[in-house]
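Peer 1: Let me begin by handing over the structure; questions about it come next.
What follows draws every value from the coordinates through simple rules; no lab data is involved. Here the structure is a predicted model, which means the values were calculated and not measured. All Cβ positions, glycine included, derive from the backbone under ideal geometry; neighbour counts span all protein chains shown.
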Amino acid sequence: MKLSVLSGALLLIGATASAQTSVTMYGLIDIGVRHVNHATAGGDSLTTLGDGPMTGNRLGIRGTEDLGGGTKAMFVLEHGMAVDTGGIEQQGQMWGRQAWVGISGQWGTIAAGRLYGVMHRTVSNYDPLGIGNILETAAPVLIEGTRFDNSVTYGTKIGNVSLGAMYSLGEQTNSSQGRTVGAYFYRSSDTLEFGGAIQRSTDLTGRDARSFTVGGAYNVAPFKLFLGYIDGDRDAGFAAGSNLSGTPLANTNLQSAFNSLGASGVTGTLKANRNDRL
């Protein structure tokens with residue numbers, strides 16, 4: 001009798017825990033063959049095997065736990081793998097695609113870890129390829145960056161409007177060095193969606209990379225029309241940290257070389273502010 005009662009209690013606890021906690025493993029494998037003409041100055045062609053044109057390969061774990069009162073804890077760990085070689089993408093970071101923990105409720109969601117930047121997540125809403133893997137279509141990531149280490153984000157939704165902010169720590173004694181700050185909003189409905197974002201990254205010498213975007217999409221069945229604008233401005237000499245160096249702005253895809261301008265007949269490198277518009 002006592003054993004039956006104890007077994008029943010354990011089953012009840014197990015069922016309750018199962019209802020409150022959810023962990024999911026997910027993934028995606030996509031591979032493509034690419035052929036490029038005039039890959040060299042001599043006009044040679046090049047054929048390669050790599051990620052599909054629209055999606056990156058991944059293996060992830062995500063979970064939530066109900067804390068009661070409409071509040072829940074959550075986490076995501078997402079690994080990017082190179083299917084063609086078996087290696088690790090995202091400059092060799094094991095959880096380079098995403099690695100964060102957060103808490104959410106009626107007031108919104110707070111997350112901390114390695115997260116997508118506000119510019120990248122906003123542009124992906126109105127890029128027809130969702131920011132594809134083909135270099136020519138992925139050019140915005142060189143201006144805005146993709147993912148940022150040591151970040152804290154806040155997001156909420158009011159009706160059909162999503163808005164939020166990000167603060168990425170530079171982890172320097174001077175808190176302004178190496179940091180990234182940004183904010184976004186996006187409104188969506190069945191027929192029309194639009195939004196924008198603004199972001200600023202500061203390197204170790206106090207030089208800035210500033211960017212903003214506006215855009216949206218319009219559904220006219222059976223079509224969907226996209227329109228977007230991206231503006232990136234960099235101070236001369238702006239330099240992101242090298243990948244895996246542990247320095248600020250490393251592992252972001254921000255390209256320091258974007259403000260090194262070569263000019264015909266000029267020896268060496270011409271340093272200047274740079275502005276890119278897409």
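Peer 1: Taking the beta-carbon count within 10 Å as an exposure proxy, list Thr247, Thr191 from fewest neighbours to most.
Peer 2: Thr191, Thr247
Peer 1: Within 15 Å, Cβ to Cβ, of Phe185, how many net charges do the neighbouring residues add up to if Lys/Arg are +1 and Asp/Glu are -1?
Peer 2: Local charge sum for Phe185: +2.
Peer 1: Is the shape of the stretch 49-90 best called rounded, prolate or oblate, per the rule: a/c under 1.5 gives rounded, else a/b larger than b/c gives prolate, else oblate, with a ≥ b ≥ c the square roots of the Cα gyration tensor eigenvalues?
Peer 2: prolate
Peer 1: Sticking with this one: What translational diffusion coefficient, to the nearest whole µm²/s, does the chain have by Stokes-Einstein, given a Kirkwood radius computed over alpha-carbon pairs, a temperature of 20 °C and 1.002 mPa s viscosity?
Peer 2: This corresponds to a translational diffusion coefficient of 101 µm²/s.
Peer 1: Kindly put Ser45, Ser188, Ser162, Ser211 in sequence by how many other C-beta atoms sit within 10 Å of each C-beta, fewest to most.
Peer 2: Ser45, Ser188, Ser162, Ser211
Peer 1: So if we plug the beta-carbon distance of Arg277 and Val152 into 1/(1 + (r/R0)^6) with R0 = 45 Å, what FRET efficiency do we get, rounded to 0.05?
Peer 2: 0.90
Peer 1: Starting from the Cα gyration tensor of the stretch 22-106, take the square roots of the eigenvalues, sort them a ≥ b ≥ c, and report rounded, prolate or oblate (rounded when a/c is under 1.5, otherwise prolate if a/b is larger than b/c, else oblate).
Peer 2: Prolate is the answer for the stretch 22-106, as a/c is 1.5 or above and a/b outweighs b/c.
Peer 1: Beta carbons within 10 angstrom, averaged per residue: use that to sort the peptides 119-128, 229-238, highest first.
Peer 2: 119-128, 229-238
Peer 1: Separate question: Please list 146-156, 67-77 highest first by mean number of surrounding beta-carbon atoms within 10 Å per residue.
Peer 2: 146-156, 67-77
Peer 1: Another one. Would you mind computing Rg(Cα) / (2.2 N^0.38 Å) for the stretch 116-278, counting N as its residues?
Peer 2: This ratio for the stretch 116-278 stands at 1.11.
Peer 1: Separate question: Pick out which of Gln98, Gln172, Gln90 has the largest mean-square fluctuation in a Gaussian network model of the chain, springs linking Cα atoms closer than 10 Å.
Peer 2: Between Gln98, Gln172, Gln90, it is Gln172 that shows the largest mean-square fluctuation.
Peer 1: Shape call for the stretch 83-151 from the C-alpha gyration tensor, a ≥ b ≥ c root eigenvalues: rounded (a/c under 1.5), prolate (a/b greater than b/c) or oblate?
Peer 2: oblate
Peer 1: When the helix-only estimate is applied to the chain (DSSP H runs of n ≥ 4, each -39,500 (n - 2.57), divided by the residue count), what is the mean residue ellipticity at 222 nm, nearest 500 deg cm²/dmol?
Peer 2: Helix-only estimate at 222 nm: -3500 deg cm²/dmol.
Peer 1: Would you list Leu244, Leu163, Leu115 from fewest to most Cβ contacts within 10 Å?
Peer 2: Leu244, Leu163, Leu115
Peer 1: Let me ask something additional. With only alpha-carbon pairs counted, each pair once and no self-pairs, how large is the Kirkwood hydrodynamic radius of the stretch 18-70 in angstroms?
Peer 2: Averaging 1/r across every pair of different Cα atoms and inverting gives 14.9 Å.
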